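The values are calculated or read from the model by the stated rules, or taken from the named source; none is laboratory data. Quick caveat: nothing in here was measured; it's all calculated off a predicted structure. Cβ: placed from backbone, ideal geometry, glycine included. Neighbour counts: every protein chain shown.
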Amino acid sequence: MPNFPMLFNATASASEGVESNWSARANDERQLLCAIPREFGGPNTGFSPEDLFIQALVNCYIATLKVIAKNMKLSFASIEAEAELVLDRDDTAPTPWMKRANLKFSVTGAKEVERFRRLMDRVSKQCMVLNSVKTELSFEFEVSGAELDASP
């Protein structure tokens, strides 16, 4: 069992101007190249905050699913994710906001398809990052079973 509280850190360093990339790090070791997206006048040559936000949602779901599936002894071959982040703005708000994230997860090779479907719904309610955002979330789940060995 992990020890709490846990600490994660991030650093970033940038120069002036919307046209240039900047460097960000997580836990002083993994480096990302970041940039303002084209939609906001940037060069779109690195990960944007919006990219990282939707990636955080997707990857937290996958990490949570992998841990719970292992603990429940539910095996699967692979999981694929597709996600779309919708930003919106109206006359009452001075800045855009992350209105909705549409998340689709497809699992292949599940040994127990119905149990795995229930697990996928459960994970969407237990993921730390998903539970930490105000953004509206929609989910679509697909599960296919493990192919039977056809050898004699």
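Inspect all residues belonging to segment 33-42 and state whether any of them is loosely packed, with under 13 Cβ neighbours inside 10 Å, of a type outside the set (Phe, Trp, Tyr), within 25 Å of Ser138 (Cβ to Cβ) and not assigned by TED's automatic domain parsing to the domain that holds Ser144. Walk me through it before giving the result.
Start the filter on segment 33-42 by keeping residues that are loosely packed, with under 13 Cβ neighbours inside 10 Å, which leaves 33, 38-39, 41.
Keeping just the survivors that are of a type outside the set (Phe, Trp, Tyr) gives 33, 38-39, 41.
Next, only the ones that are within 25 Å of Ser138 (Cβ to Cβ) stay: 39.
When the remaining residues are screened for being not assigned by TED's automatic domain parsing to the domain that holds Ser144, the result is 39.
Scanning segment 33-42 turns up at least one residue that is loosely packed, with under 13 Cβ neighbours inside 10 Å, of a type outside the set (Phe, Trp, Tyr), within 25 Å of Ser138 (Cβ to Cβ) and not assigned by TED's automatic domain parsing to the domain that holds Ser144.
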Worksheet item: In this structure, is Phe53 surrounded by 13 or more Cβ atoms within 10 Å (Cβ to Cβ) and either free of Cβ contacts under 8 Å to residues at least 12 places away in the same chain or within 21 Å of the chain's Cα centre (by Cα) (or both)?
Response: yes
Item to complete: Starting from residues that are in contact (Cβ under 8 Å) with a residue 12 or more places away in the chain and of a type in the set (Val, Ile, Thr), keep the ones in segment 94-111 and report whichever is farthest from Glu140 (Cα to Cα).
Response: Thr108
Discussion item. Give all pairs with beta carbons closer than 6 Å in which a residue from segment 66-93 that is outside the structural domain of Thr108 (by TED's automatic domain parsing) meets a residue that is surrounded by 11 or more Cβ atoms within 10 Å (Cβ to Cβ) and outside any helix (DSSP H, G or I); count only pairs at least 6 apart in sequence or on separate chains.
Written reply: none
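If you scan segment 56-87, which residues turn out to be aromatic (Phe, Trp, Tyr) and more than 18 Å from the chain's Cα centre (by Cα)?
Passing the criteria: only Phe76.
With the requirement that a residue be among the aliphatic types (A, V, I, L, M) and within 16 Å of the chain's Cα centre (by Cα), what does segment 88-140 give you? Please lay out each step first, then the result.
We begin by selecting, within segment 88-140, every residue among the aliphatic types (A, V, I, L, M); these are 93, 98, 101, 103, 107, 110, 113, 119-120, 123, 128-130, 133, 137.
Within segment 88-140, Met98, Ala101, Leu103, Val107, Met120, Val123, Met128, Val129, Leu130, Val133, Leu137 meet the criteria.
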Worksheet, complete the sentence: Condition set touching a residue at least 60 places away in the same chain (Cβ under 8 Å) and among the β-branched types (Val, Ile, Thr), scope segment 112-134, selection surrounded by the fewest Cβ atoms within 10 Å (Cβ to Cβ): answer is Val133
